[in-house]
Amino acid sequence: MLKLNTLGALALSAITASAGWAAESSDPIRLTLHDWSGQLINTKIMGSILQEAGYNVEYVQADYIAQFAGLKTGDLHLAMEIWETTGREALDEATATGNVVNVGETGLMAIEEWWYPSYMKERCPGLPNWEALKDCAEEFATAETAPNGRYVGGPVTWGGFDDERVEALELDFEVVHAGTDAALFAELESAYQRQDPVILWVYVPHWAPAKYEGEFVEFPPYTPECYSDPSVGVNPDMAYDCGKPRGPIWKAAWSGLKDKWPGAYDIIEDYRLSNEEMSAMVGEADLDGVEIDTVVANWMTENKDRWSGWVNQ
Amino acid sequence: MIRRLDNRALIVCALIVVTIVLGQFGRDLSKALDMRWLVKFPSAWVVSFKDPISAGIKWLVEEAAIGPVSFTDVTRAIAWMIEQPYELLLNLLSKGFTSGQGSAEVTLLPAVSWIVVTTAVVAFGKYCRDWGLAALVGACFLYLAIFGQWDSAMVTLASVMIAVPIGAGGGLMIGIWAYRHPVGERLLSPVLDLMQTIPIFAYLVPILFMFGFGPVSALVATIIYATPPMVRITIMALKAVDPEIVDFGRMVGTTERQLMWRVLVPSASHSLMVGVNQVIMLTLNMVIIASMIGAGGLGFDVLAALRRLDIGAGFEAGIAIVVLAIAVDRLSQAFAERMGQITPPVHGQSWVTRHKRTTLVVVLLGLTWVLGRFAPALLDYPDSHTLTTGHFWDDVVKYLNVNYFDTFEAVKVFFLQYFMLPIKRTLLGIPWPWAIAMLTLLGWRAGGWRLALLCGGLSGLIAITGLWAKAMVTVYLCGASVILATVIGVPLGVLAALNRRAGTAIGLLIDTLQTLPSFVYLIPVVMLFRVGDFTAMIAIVLYALAPAVRYAAHGIRNVSSDLIEAGIVSGCTPRQLLRLVRMPLALPEILLGINQTIMLALSMLVITALVGTRDLGQEVYIALTKADTGRGLVAGLAIAFIAIIADRLVNAGARGARIRFGLES
């Protein structure tokens, strides 16, 4: 009897659900894909959930920043990873036009900071405290930068204020900007193979901390005042005398999405992942060579209750 | 007369010396005179072009309209027209035909099987030329299947099959129009320069607005980039048709149309195919950038592999692009040749006997579609049988890195200290008014007051946009690379022309370098040489080498045999023959090769920005990531101006050389 009841309830919910879908558009919801595994996994999980909920989904390859052009016109509908740290400016500009909305956090937190491999601790014992860098800058020097240490920063487009930080904290380092993410980690891979000194910009969620042993440097913690007010912080005369801000990774959508697929919008709003989950999945994909679709399918079966909760609300 | 010449040479020498000295000490001098503005263009004088340009583009995209039809409607309609054949091809080659969407999707017909595609290209190769070609293209496509690149390669192939006909056909039409209307040619020339030299990132954002997000925008960008050589070569080839042939055509009473299509175009077909080859190469060149805005395919595989530092996978996907380029290029050339011949129609046999190959392919297609339901391997190459050499490449790079890093470092430091940094310091030290004056003077000497005006005007524009310093870094990076590429490339070209076997090997190397996405070797180079200008220079040299080699070889080969005979008769040794006869006569061609090298070097700037150079390429890249259309276009135009100045000066120089050798009056 009980069994019959649940079956009946299921059938009923299926009917109401399908009635719900009928009201919404059967056009595909377009999700953007970029070129890093974490984003692909994140997007494909979202896409799979939407598909399970009965929506049509289409994945479109797009550039991280250029995608906003598509989100504004409604050519694209949903971007799953806009990092507070690198995409905030573009996101704010887009939401200001009224054609793009911020659908909230993905639950992932971006951390970006100076990072060094563990073997550097022997050569510079004071680490991870940032003040150790003052004494052993020379350990990090190369022929071109000596006697200053060489710090490989992210592409200029990532911002990050490293040049200012070096000056404000009076570190004897020269900031060399890698042009891309790939070049940045190529530097790390190369130095790690040789066990040579290296200190560079690393961010998580990313596969690098899983592959290489190492730590983030501990700078004085970030506060908004530290960036805006010179008198705050270690150096009374200069701003940027602290670490980098950490922040959420946002979901951004075309503003028409809410009207066209209201149910989908609710699911997207509820969607949350954690850093640990994501790091594990990125590691599986990039280091163990598991196909991204397999990683996504595994997550879907393991977390059925969680995502069913988002769908059925 | 001799005295005057001497005087002139003296003045030239003196000016060069003054320029270099100024470059060395300009900075100190301007400080001593308290005239910092001499070296650093004062920001108060900068005219901001970027805001009006941004506003203009915004207006074009959002408001411009003729009556009820807005500008974006027109561009979207064009996008739709390109999209239809593309979707068809994509479904046919990669996705399969489906009905319904999402979970209700039903596959009506799967994509064409890898067996059928490979058989079809082999049959086509045999039809166009012989079994040799068939074997080559067959091997190319088998590589794609066996190395697990098939699906991505078919996506790329679909976009190539759309972009190349539009680029080549459109280029031919525009070229013919310009040939008929000399005014058109003059108008077109600067437009072509801009199309070729403004980095694609500079106009990416407006294109996305106009043509929508996805593969079509990527196709449009590709076509913009790949068409100009076709136009240029068409104009040149039509002009080069023997006037006697044209007269003959007129005498037999052809109409204008007949004269063009029955006489001129067939006579020029050989040169025209060079243009098609260029379109194909440039299209495949764009694969990486196109994949960033939604084209997917092999370009995306390269990018994704390198983001996880999987050098082997990136390399394999890169080689797949090369392989695809070789197959498409060889097939299209053979096909054009075949079209040029007249084959007598065969009568009296059944259709099937006359079209054995087509029948075979169609039968196979049907068979795989029917049997594929039961044996999936007939449709998709089985994953379990794919090969990979990925780890091998990772290990090679690791081995070099661990064992030879110090050697690489020493080489790098040597080049930086004695070659690159002196050039950089000098260029950045030259006061900008002096540099503009010198360029104007150079223009005047090489090509009269028009060229002087052009050089002065364009370099002046760069200065007042406030991009002078970044432009000088650009000139330094490209200049150093072009010097190296010439030093390596010209001897290689000479060798290729004189020795047939070396010629084949060098030809293959050059084709590979031009189509292998530079990103593939950029990352290993970063691992061995670290981020910086030297790495950027290696990437530029590798990419820009091709024209230096090609034109040099072409020039040496084309020296008239009468002159060589005359040289031999008068007792030249082979070495003297090369030094006194071949080289001087090939000089104009070599100069044109250097001209193209400069163009390619400039077009690499956007890629080198990815390894952290601080030039105009970086400016464009920053503008892209900030979606600042105006800023990107201004920096893009500055690059184009540098290219145009270099192009005009070198061309004028080449013309001067030809006149001196009596090849042109």
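The values are calculated or read from the model by the stated rules, or taken from the named source; none is laboratory data. The structure presented is a predicted model; accordingly, all values stated were derived computationally and were not measured. Every residue, glycine among them, receives a Cβ derived from its backbone with ideal geometry; neighbour counts consider all protein chains shown.
Side notes on the structure shown:
- Only one entry of B:L416, B:L400, B:L365 meets the criterion of being within 29 Å of the chain's Cα centre (by Cα) and part of a helix (DSSP H, G or I), and that entry is B:L416.
- The single condition among (1) surrounded by fewer than 19 Cβ atoms within 10 Å (Cβ to Cβ); (2) in a helix (DSSP H, G or I) that B:L387 does not satisfy is (2).
- When residues of segment B:246-268 are limited to those that are surrounded by 15 or more Cβ atoms within 10 Å (Cβ to Cβ) and either touching a Ser or Thr at 6+ places or on another chain (Cβ under 7 Å) or of a type in the set (G, A, S) (or both), the one farthest from B:M339 (Cα to Cα): B:G249
- Options B:L29, B:L90, B:L108, B:L60: the member that is in contact with a strand residue (DSSP E or B) (Cβ under 6 Å, 6 or more places away or on another chain) and at negative phi: B:L108
- Summed over segment B:611-627, the residues that are within 23 Å of B:L528 (Cα to Cα) and in contact with a Lys or Arg (Cβ under 8 Å, 6 or more places away or on another chain) give a count of 3.
- The residues on offer are A:W310, A:W299, and the sole one that is crowded, with 19+ Cβ neighbours inside 10 Å, part of a helix (DSSP H, G or I) and more than 18 Å from the chain's Cα centre (by Cα) is A:W299.
- If you check A:E218, A:E167 for being under 23 Å from the mean Cα position of the chain (by Cα) and away from chain B (no Cβ under 13 Å), only one passes: A:E218.
- Restricting the first member to segment B:463-491 and to residues that are farther than 16 Å from B:G23 by Cβ, and the second to residues that are polar (S, T, N, Q), the beta-carbon pairs closer than 6 Å and six or more apart or on different chains are B:V482/B:T597; B:A485/B:T597.
- From B:G636, B:G632, B:G612, B:G567, residue being closer than 27 Å to B:A539 by Cα and either in contact with a Leu (Cβ under 7 Å, 6 or more places away or on another chain) or acidic (D, E) (or both): B:G632
- Some residue of segment A:238-245 being without any contact (Cβ under 8 Å) to a residue 12 or more places away in the chain and crowded, with 16+ Cβ neighbours inside 10 Å: no
- Positions within segment A:165-184 being of a type in the set (D, E, K, R) and either closer than 20 Å to A:E218 by Cα or free of Cβ contacts under 8 Å to residues at least 12 places away in the same chain (or both), in sequence order: A:R165, A:E167, A:E170, A:D172, A:E174
- Qualifying positions in segment A:69-103 - within 26 Å of A:V202 (Cβ to Cβ) and of a type outside the set (D, E): A:A79, A:M80, A:I82, A:W83, A:T85, A:T86, A:G87, A:R88, A:A90, A:L91
- Condition broken by B:A290, with the remaining ones in (1) buried (at least 20 other Cβ atoms within 10 Å of the Cβ); (2) more than 14 Å from chain A (Cβ to nearest Cβ); (3) small (G, A, S) satisfied: (2)
- Residue within segment B:587-603 that is more than 27 Å from B:L188 (Cβ to Cβ) and over 18 Å from the mean Cα position of the chain (by Cα) present: yes
- Test: residue in segment A:265-284 that is under 21 Å from A:E58 (Cα atoms), in a strand (DSSP E or B), assigned by TED's automatic domain parsing to the domain that holds A:G98 and touching a strand residue (DSSP E or B) at 6+ places or on another chain (Cβ under 6 Å): no
- Within segment B:389-419, the set of residues being over 16 Å from B:F534 (Cβ atoms), among the β-branched types (V, I, T) and more than 10 Å from chain A (Cβ to nearest Cβ) comprises B:T389, B:V396.
- Options B:R373, B:R450; residue that is under 30 Å from B:A145 (Cβ atoms), charged (D, E, K, R) and free of Cβ contacts under 8 Å to residues at least 12 places away in the same chain: B:R373
- Among the residues making up segment B:427-450, those that are of a type outside the set (A, V, I, L, M) and either crowded, with 19+ Cβ neighbours inside 10 Å or touching a His at 6+ places or on another chain (Cβ under 7 Å) (or both) are B:G429, B:P431, B:W432, B:T440, B:G443, B:G447.
- Single condition A:G233 does not satisfy, out of (1) at positive phi; (2) exposed (fewer than 15 other Cβ atoms within 10 Å of the Cβ): (2)
- Criterion: under 30 Å from A:E218 (Cα atoms) and either touching a residue at least 60 places away in the same chain (Cβ under 8 Å) or surrounded by 19 or more Cβ atoms within 10 Å (Cβ to Cβ) (or both) - qualifying residue of A:G256, A:G283: A:G283
- Of all residue pairs spaced 6 or more apart or on separate chains, those with beta-carbon atoms under 8 Å, a first member in segment B:176-201 that is at negative phi and a second member that is acidic (D, E) are B:A178/B:E185; B:Y179/B:E185; B:D193/B:D647.
- Any chance B:V160 is surrounded by 20 or more Cβ atoms within 10 Å (Cβ to Cβ), within 19 Å of the chain's Cα centre (by Cα) and over 30 Å from B:N651 (Cα atoms): yes
- Taking first residues from segment A:207-230 that are on the phi < 0 side of the Ramachandran plot and partners that are assigned to a strand (DSSP E or B) and of a type in the set (S, T, N, Q), the Cβ contacts under 9 Å between residues at least 6 apart in sequence or on separate chains come to A:V217/A:N129; A:E218/A:N129.
- Which listed residue is without any contact (Cβ under 8 Å) to a residue 40 or more places away in the chain, within 11 Å of chain A (Cβ to nearest Cβ) and out of contact with any Leu (no Cβ under 6 Å at 6 or more places or on another chain), from B:A313, B:A295, B:A304: B:A304
- Search result, residues across segment B:528-537 that are aliphatic (A, V, I, L, M) and within 13 Å of chain A (Cβ to nearest Cβ): B:L528, B:V531, B:A536
- When B:A505, B:A480 are checked against the criterion of being surrounded by fewer than 20 Cβ atoms within 10 Å (Cβ to Cβ), modelled with pLDDT of 90 or more and either of a type in the set (D, E, K, R) or out of contact with any strand residue (DSSP E or B) (no Cβ under 7 Å at 6 or more places or on another chain) (or both), B:A505 stands alone in meeting it.
- Of all residues in segment A:176-231 being hydroxyl-bearing (S, T, Y) and in a loop (DSSP other than H, G, I, E, B), the one that is farthest from B:I311 (Cα to Cα): A:S231
Yes/no per residue for (1) assigned to a helix (DSSP H, G or I); (2) modelled with pLDDT of 90 or more; (3) within 14 Å of chain A (Cβ to nearest Cβ):
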{"residue": "B:R501", "(1), (2), (3)": "yes, yes, no"}
{"residue": "B:T512", "(1), (2), (3)": "yes, no, no"}
{"residue": "B:L522", "(1), (2), (3)": "yes, no, yes"}
{"residue": "B:V526", "(1), (2), (3)": "yes, no, yes"}
{"residue": "B:L542", "(1), (2), (3)": "yes, yes, no"}
{"residue": "B:L545", "(1), (2), (3)": "yes, yes, no"}
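- Unmet criterion (only one of (1) at pLDDT 90 or above; (2) at positive phi) for B:G148: (1)
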